[in-house]
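The values are calculated or read from the model by the stated rules, or taken from the named source; none is laboratory data. Model, not experiment: these values are computed from the prediction. Every residue, glycine among them, receives a Cβ derived from its backbone with ideal geometry; neighbour counts consider all protein chains shown.
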Protein chains: 2
Amino acid sequence: MAQRREERTAAIIAAAWDLAREEGIGGLTLRGLARVVGVRQPSLYEYFESKHALYDAMFAVGNRQLLERLDGLSLPDDPRAALKAFMATFVDFALEDDARQQLLFQRPIVGFEPGAASYDAAVQVLERGIAMITAAGLTDQGDVDCFVAMVGGLIAAQASNEPGGDRWARHLERLIDLYLDNPRQGRTR
Amino acid sequence: MAQRREERTAAIIAAAWDLAREEGIGGLTLRGLARVVGVRQPSLYEYFESKHALYDAMFAVGNRQLLERLDGLSLPDDPRAALKAFMATFVDFALEDDARQQLLFQRPIVGFEPGAASYDAAVQVLERGIAMITAAGLTDQGDVDCFVAMVGGLIAAQASNEPGGDRWARHLERLIDLYLDNPRQGRTR
DNA sequence: GTCTATAGTTTGATAGAC
DNA sequence: GTCTATCAAACTATAGAC
């Protein structure tokens, strides 16, 4: 049964995420993971050929979760309202889990580059985001860049200075309006 | 001569920064540092009682460099122009050296918290920045938070997506105008 | 597929001679 | 103050029995 093996693999990845949440993404070790899974450390090599392969699988699962959540949204017709709902979901997702935010949106593991298959989900997320921004009226590359940087800055400030709070995140909607209302070439009136 | 010792300590810290620039801040090892300094690894313990103490000294030196550069600016009288010049210098400093940016503005070393003395310079930098923002007209805490997050977001996006370029950094002045012209409670006219 | 055993490496830190 | 020698610990990864 190949299905049995896939379920087991998924359970190990889930346990790895649990552990990363406690120990930090960089503090994840195969010994620790084996302990919570209930096997000996070498047995994990039956499911992942290296530690990098484990990170890669975690990266893929995390991005697929994000993609599912974004695709599950029932967005309003108004492009601006839709963008706000989309980005609020994105920010919530990022702030829910610091370890996940680090592995998905930063590069905290030296030498780790996600494989093409795992990267695919991340690319899809980015494409959806840019499509939403464009639909809301920001077509200039510089405007899109600034918008993306702003959202990333909010997330980073919130996660590192006040995890669990909303001191920064609560300004998201206002800032979205600000950016949409002031494109680079735009006139205020 | 205690002076001789201080000079040697400073030289070791400088070498550590050189090495961190090559190997990454997390890849810095005492053995590697000893090699480039020209001594054996245990000899470093004559100058730093632990690796954390070395990081702490590096953190302090980096922040003092930033403080010197900011204090050395001859700023225009106009508060808005002054803020732009101040922040441009800050962003340049952060983007000059990725390892330095990581140690100073992120927390890439697990378990490392700068000591009070080293933290002092960092606090002074932040205070100066907030004073500049306030002088330019943003007095609301939420406005200051958003401004700081925006600058951090620009730096992070630039450093991680296009090191050495200016695709994000070049929008700094325009975004400063945008934030100053649109305070939370403000009216456009 | 899981185990025991261990190789092989790297690291921070200490002891003690000089 | 610098050295040699070494400890003690952690980790990833592999070999081979069952």
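Side notes on the structure shown:
- Count - residues of the range A:93-115 that are free of Cβ contacts under 8 Å to residues at least 24 places away in the same chain and over 18 Å from B:Val110 (Cα atoms): 2
- Matching residues in the range B:144-157 - criterion: being more than 9 Å from chain A (Cβ to nearest Cβ) and not β-branched (Val, Ile, Thr): B:Phe147
- In this structure, A:Val91 does not qualify as within 16 Å of DNA strand D (Cβ to nearest atom) and either over 18 Å from the mean Cα position of the chain (by Cα) or closer than 20 Å to A:Ala121 by Cα (or both).
- Scanning the range B:17-34 for residues that are at negative phi and within 12 Å of chain A (Cβ to nearest Cβ) gives B:Glu23, B:Ile25, B:Gly26, B:Gly27, B:Leu28.
- Residues of the range A:158-183 satisfying the condition of being farther than 25 Å from B:Leu126 by Cα and more than 7 Å from chain B (Cβ to nearest Cβ): A:Glu173, A:Ile176, A:Asp177, A:Tyr179, A:Leu180, A:Asp181, A:Pro183
- Residue in the range B:116-137 that is within 14 Å of chain A (Cβ to nearest Cβ), in contact (Cβ under 8 Å) with a residue 60 or more places away in the chain and under 18 Å from the mean Cα position of the chain (by Cα) present: yes
- Candidates B:Val148, B:Val125, B:Val144, filtered to the one that is modelled with pLDDT of 95 or more, over 20 Å from A:Asp166 (Cα atoms) and β-branched (Val, Ile, Thr): B:Val125
- Restricting the range A:1-14 to residues that are of a type in the set (A, V, I, L, M) and surrounded by fewer than 17 Cβ atoms within 10 Å (Cβ to Cβ), the residue that is nearest to A:Leu104 (Cα to Cα): A:Ala14
- The residues of the range A:20-51 that are surrounded by 16 or more Cβ atoms within 10 Å (Cβ to Cβ) and within 9 Å of DNA strand D (Cβ to nearest atom), listed by number, are A:Leu28, A:Leu30, A:Gly32, A:Leu33, A:Ala34, A:Leu44, A:Phe48, A:Lys51.
- When B:Ala15, B:Ala82, B:Ala11 are screened for being touching a residue at least 40 places away in the same chain (Cβ under 8 Å) and either more than 10 Å from DNA strand C (Cβ to nearest atom) or of a type outside the set (A, V, I, L, M) (or both), only B:Ala82 passes.
- Residues in the range A:66-79 that are within 20 Å of the chain's Cα centre (by Cα), farther than 12 Å from A:Phe90 by Cβ and outside any loop (DSSP other than H, G, I, E, B): 2 in all.
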